[in-house]
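One structure is given below, encoded as structure tokens.
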Amino acid sequence: MADEKILTLIKQLLNIAQHPNTPPEEADTAQARATKLMVKNAISEMQLTDIQDAERVVFEHVDFRGSYALSYLQIGVEVAAAWGTVRSYRQKLPLNGWRLTYVGFPSDIRAVRTLVLSLDMQAQTRLANWTTACQYSLGWLMASPYQRTRLRADFLYGFAVGAGGQLTRARAKAVEEVQETSSTNTELALRDRSQEVDDVLNSQVPNLQGSAQRKMTREGFMTGFSAGQRANVGGNALDSGS
């Protein structure tokens, strides 16, 4: 559905951003351009699929395991919420596992999962930089292995929340830009799309309960949140990149 030239450019930019030999500033710029193109291209694709009525609401599952499962899952939760037309809910799995379920149209879920991969990479880089910077601090040296794991997990969770806010603003700006050059009412189409997703979710998963809040270490969460607010989500780093 999408313009092949745009998809090729996005892939090239992501390859530059992820290459270990790319200088940090150049990687950040490439990441920002790729993310902005993904956001705007997905909205344009949404308009085309609406016209052709080719999509149906689907459920997609992603499983997480390990000490940082909930933190990485939260990145998906935040991106889905920021995207606006994808819903998500989580379920506990055996052996310390979690399942995140996305509910939405395939093109929207595809865009969300691509953005999640981008933010996962950024979160890992920011976390590595933070732990390296504080590894000789008194607090870190005195912390037990369990406490260090908690700090890392809370950093990633905070990053997810901070990046989610950034993406919400970038998404809103992209919708405005697409609306300026579109003959259709983009905001109305998004509302209709969201309502259809909600109707399917409510019919198939009634009485869905919200997730309980988890306790956070202030240092880990707030440091991660600040890093997330500086995440490259397209609209905040290179407004002329498209």
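Being at pLDDT 75 or above, in a helix (DSSP H, G or I) and not basic (K, R) is a condition met by at least one residue of region 204-215. Flag set for L127, criterion: buried (at least 17 other Cβ atoms within 10 Å of the Cβ) and of a type outside the set (D, E).
The values are calculated or read from the model by the stated rules, or taken from the named source; none is laboratory data. Quick caveat: nothing in here was measured; it's all calculated off a predicted structure. Using ideal geometry, Cβ is built from the backbone for each residue, glycine included, and neighbour counts are taken over all protein chains shown.
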